[in-house]
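Here is the structure we will look at, set down as structure tokens.
The values are calculated or read from the model by the stated rules, or taken from the named source; none is laboratory data. Quick caveat, the model's predicted, so the values are computed rather than measured. Here Cβ is always computed from backbone atoms with ideal geometry, including for glycine, and neighbour counts include all displayed protein chains.
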Amino acid sequence: MAHELIEKITEFENLSSKAIQNSSTLADLQDLRVKFLGKKGELTQILKTLGKLSPDERKEIGAFANQTKDKLSGIFDSQEIELKKAEVNRLIASQKQDVTLNAYPYAQGSKHPLIQVYDLSVKIFRELGFDIAEGPEIETDYYNFEALNIPANHPARDMQDTFYTAEGGVLRTHTSPVQIHVMEEQKPPIAMVAPGVVYRCDSDQTHTPMFHQIEALLVDKGIHFGHLKAVVQEFLRLVFERDLQTRFRPSFFPFTEPSAEVDMTCVFCNGDGCRVCKKTGWLEIMGCGMVDPAVFKHVNIDSEVYSGFAFGAGLERITMLKYGINDLRLFFENDVRFLNQF
Ligand code: DAH
């Protein structure tokens, strides 16, 4: 009888341990735990028959049954751990798709090429020790012309077609009036640049009614043309990121004396001559000169003591030459196929 029971328990153990290890879900495992080890489970059923045994046999079988129960409990526990792990792995695998990701990638904007050159120019002059100045875009006749030694009825006014406002102001035609504002407020030494928007009553393939300039002014004792050349040369070298030759051609501006136009080595043919530079090897890049004593007079700076240089350049032109852009209108059309290239 005892022997039979031991066999029965052993068989139960074999069958149930296999069943436990084959279970594939936590719910199944729980069912099996009830079925095998529960109060009304199979092992309990087997042990109910112990009553028929002698006390010694009962002790022996009881101990054996308890060992079996312990073993099976252990198998249950480790199977439970395995199934829980599998469950977590399944969950991770099923959520691999990151629903927090954007369905459509956002197009990342970037700075307009003109503004890139604007910012670069400001950075270069800052590093050269210049301050950044600003002036109003709606000027008076005095600042835009008169104080810059361009009197009314002077033919030099014809160089700039002007927008007038109903109140008698003018949209500044150049950044040069910032020179006057700065010199009214500050006395030498002065080193400033003024980048900004200017307006002219012009509109064709190579002119837009609104465009950008950068103005520079340096005033101190003993400033001469050599300083002007050095600063212009360094600015161009840093903007175009290459060594360039410059050439200063005599010219005329009412607010500088002497005045010059600056040419630089053609960036397209390196001076060999091409269509862009009309076979000259040179590109005109800015106007400049030594501040005219008549201008100093307007701002009460003694031209016997101080001297200075000034220059003004178009930022659209610099940007076009830097990036090889051949049509001014591209800057203002905001076609993303153009803008994406910078
Ligand atoms: N203001 C001039 C223009 O718009 C450019 C210029 C020429 C600026 C000579 C200067 C200068 O400061 O010295 O055509």
Task: Per-region count, the stretch 207-243, residues more than 18 Å from PHE125 (Cα to Cα), at pLDDT below 95 and not in a strand (DSSP E or B) - done: 2
Open item on the list: Take the residues in the stretch 122-141 that are in a helix (DSSP H, G or I) and within 16 Å of the ligand (Cβ to nearest atom); name whichever of them is surrounded by the fewest Cβ atoms within 10 Å (Cβ to Cβ).
Closed with: ASP141
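Can you list the helices (runs of 4 or more DSSP H) lying wholly within the stretch 257-342 that have 2 or more residues being polar (S, T, N, Q)?
Because the criterion is at least 2 residues that are polar (S, T, N, Q), no helices (runs of 4 or more DSSP H) in the stretch 257-342 meet it.
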TODO: Given the conditions (1) surrounded by fewer than 21 Cβ atoms within 10 Å (Cβ to Cβ); (2) within 12 Å of the ligand (Cβ to nearest atom); (3) over 30 Å from LYS221 (Cβ atoms); (4) touching a residue at least 12 places away in the same chain (Cβ under 8 Å), report the number of the one that TYR118 does not fulfil.
DONE: (2)
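For the stretch 94-115, which residues satisfy the criterion of being assigned to a helix (DSSP H, G or I) and either under 14 Å from VAL336 (Cβ atoms) or modelled with pLDDT under 90 (or both)? Spell out the reasoning first.
Pass one, the stretch 94-115, residues assigned to a helix (DSSP H, G or I): 94, 113-115.
Within the stretch 94-115, SER94, PRO113 qualify.
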Task: Candidate set: the stretch 190-227, residues that are within 13 Å of the ligand (Cβ to nearest atom) and among the acidic types (Asp, Glu); chosen: the one surrounded by the fewest Cβ atoms within 10 Å (Cβ to Cβ) - done: ASP202
Open item on the list: Is it the case, given these coordinates, that LYS187 is away from the ligand (no atom under 12 Å from the Cβ) and in a loop (DSSP other than H, G, I, E, B)?
Closed with: yes
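Given the stretch 1-54, what helices (runs of 4 or more DSSP H) lie entirely inside it while holding 3 or more residues that are under 17 Å from GLU82 (Cα atoms) and touching a helix residue (DSSP H, G or I) at 6+ places or on another chain (Cβ under 7 Å)? Even if it seems obvious, please write down each step before you answer.
Working: elements: 2-22, 26-37, 42-48.
Ranges flagged: 2-22, 26-37.
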Open item on the list: Can you tell me how many residues within the stretch 142-177 are more than 19 Å from GLU257 (Cβ to Cβ), surrounded by fewer than 20 Cβ atoms within 10 Å (Cβ to Cβ), among the charged types (D, E, K, R) and within 15 Å of the ligand (Cβ to nearest atom)?
Closed with: 2
Task: Of residues in the stretch 261-320 being in contact with a Leu (Cβ under 8 Å, 6 or more places away or on another chain) and among the polar types (S, T, N, Q), the one surrounded by the fewest Cβ atoms within 10 Å (Cβ to Cβ) - done: THR265
